[in-house]
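The values are calculated or read from the model by the stated rules, or taken from the named source; none is laboratory data. These figures come from a predicted structure and were not determined experimentally. So basically every Cβ, Gly included, is an ideal-geometry build from the backbone, and we count neighbours across all protein chains shown.
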Amino acid sequence: MEFRQLASLVTVVEAGFNVTDAAERLHLVQSAVSQHLARLEDELGTQLFVRRGKRLVGLSAAGEAVLRYARDALAIRENIAAIGRDHVDEARGRLRIATTHTQARYVLPPVIGRFRESYPAVGLELHQGTPQQVIDMALKDRVDFAICTEELGDHPALTAIPIYRWNRSLIAPKNHPVLKRKPLSLERICEYPLITYTFAVTGTRHLQATFARAGLKPEVVLSAVDADVIKTYVREGLGIGLIATPACAGSQDEDLVVRDLSHLLPWETVWVAYDKDKYLRRFQQQFIELLDRMTMENGVIRAQRARAKKR
């Protein structure tokens, strides 16, 4: 049994059982991947795949069990290799991060800029997705770190470290009638069409639960993954927006008025998480420490408090 056979098995599954796509991801020809799978089945003496003609359409019961151990074996191999790389050159390597739009757009740029100053020889990959997609990438070792809210803190397969807390703000065009409603309340917000995040995006469940507990059902006329898309449709007059406060970007949004809602809505926690069995290289540990220090001391929390005092 060879690691390349296990890698082909895992990659074919992640490619939706498309052998051609798996071969491209592995930088191999299709016939090589097919040979890896056939030899693995021959060695184990059982079929790992459900087939429809010549096509692979799923995993057999044995295939499901082998897949779990194959992922573990490949992760262990990567940890061993990472230890060796750390001792050869601790400042050179690759850092793969999966996160949501708000973190990628508004929180991480200064952190990554500072990290690059300290580790110019480390290549960076930034992948964006919903919280569920971000977590899935971490579990499949497609990234080193997942950075988002909600599920990360409770996932049994991940080590999760809390980084900072955030809340939401209301955004509206200047002179919108909601801005004259003082004090703002959930009831008054519900008098206007609302634009906010889709259900798959960070913190949405808590937001829905807060309105439900108050016996309210806001009229959500449009939902989106991207805070900048929400701002665009607020500018078009479709409704008022509810977005993460870190996404209220100051001078870039001078045409919109921001109202802090942290007194009305639940606080959320952003976590950085990685596989529990993952060996962290020194530069990866340094990234977590830098992220924690910059968001708490110089970034998001300080900015949120300053906005709250102004209002």
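Quick rundown of the values:
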read-out	value
Enumerated strands (runs of 3 or more DSSP E) restricted to segment 32-122, each holding at least 3 residues that are in contact (Cβ under 8 Å) with a residue 12 or more places away in the chain and not β-branched (Val, Ile, Thr)	55-59, 93-99
Members of segment 224-272 that are of a type in the set (Asp, Glu) and farther than 20 Å from THR204 by Cα	GLU236, ASP253, GLU254, ASP255
Filter pass, ARG105 being among the basic types (Lys, Arg), under 28 Å from VAL258 (Cβ atoms), within 15 Å of the chain's Cα centre (by Cα) and not assigned by TED's automatic domain parsing to the domain that holds ASP226	yes
Leading residue by the ranking (modelled with the lowest pLDDT) among those in segment 80-102 that are under 24 Å from the mean Cα position of the chain (by Cα) and among the β-branched types (Val, Ile, Thr)	THR102
Residues that are of a type in the set (Ser, Thr, Tyr) and farther than 20 Å from LEU290 by Cα, drawn from segment 115-172	THR130, SER169
Filter result (free of Cβ contacts under 8 Å to residues at least 60 places away in the same chain, under 24 Å from the mean Cα position of the chain (by Cα) and crowded, with 17+ Cβ neighbours inside 10 Å) within segment 169-219	ILE195, THR196, TYR197, THR204, LEU207
Within segment 56-86, considering residues that are surrounded by fewer than 17 Cβ atoms within 10 Å (Cβ to Cβ) and among the β-branched types (Val, Ile, Thr), the one farthest from ARG142 (Cα to Cα)	VAL57
Exclusive hit being under 27 Å from LYS278 (Cβ atoms), over 31 Å from the mean Cα position of the chain (by Cα), outside the structural domain of ASP141 (by TED's automatic domain parsing) and at pLDDT 90 or above, set LEU59, LEU9, LEU67, LEU40	LEU40
For PHE283: the one exception among (1) at pLDDT below 90; (2) in a helix (DSSP H, G or I); (3) more than 27 Å from ILE243 (Cα to Cα)	(1)
